[in-house]
Amino acid sequence: MISFGQEAAFAPDGWYQALSYALIIVGWILATTVVTGVTRNVSRQ
């Protein structure tokens with residue numbers, strides 16, 4: 001297989017990896033909250 005160095009360039013290491021996991025979790029929580037809010041608004045009408 002040919003390696004273009006993409007994985008090494010974009011894979012986070014150290015505290016960047018923890019930050020990326022935290023941002024992913026926060027994104028899922030935000031998306032879930034928005035979907036729940038929209039669903040409640042639509043179901044009331």
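Annotations for the structure displayed:
- Percent carbon-and-sulfur accessible area, the chain, ignoring ligands, DNA and RNA, probe 1.4 Å: 68 percent
- The stretch between residue 39 and residue 9, if pulled fully straight at 0.36 nm per residue, gains 6.8 nm over its current Cα-Cα span.
- The residues of the chain have, on average, 100 Å² of accessible surface per residue, using a 1.4 Å probe with all protein chains present.
- Sparse packing (at most 14 other Cβ atoms within 10 Å of the Cβ) combined with a DSSP loop state is found for the following chymotrypsin sites (Phe, Trp or Tyr not before Pro) in the chain: 4.
- Accessible surface, 1.4 Å probe, highest first, among residues 24, 2: 2, 24
- Candidate values (i) 1.02; (ii) 1.16; (iii) 1.34, label of the one derived for Rg/Rh (Cα atoms, Kirkwood Rh): (iii)
- Helix 15-44 vs. the chain, principal-axis angle (Cα, 0 to 90°, nearest 10): 20 degrees
The values are calculated or read from the model by the stated rules, or taken from the named source; none is laboratory data. The structure presented is a predicted model; accordingly, all values stated were derived computationally and were not measured. Positions of Cβ are generated from backbone atoms using ideal geometry, with glycine treated the same way; all protein chains shown enter the neighbour counts. All accessible areas refer to the heavy atoms of the entire protein, side chains included, with ligands and DNA or RNA removed. Shrake-Rupley method; radii C 1.70, N 1.55, O 1.52, S 1.80 Å.
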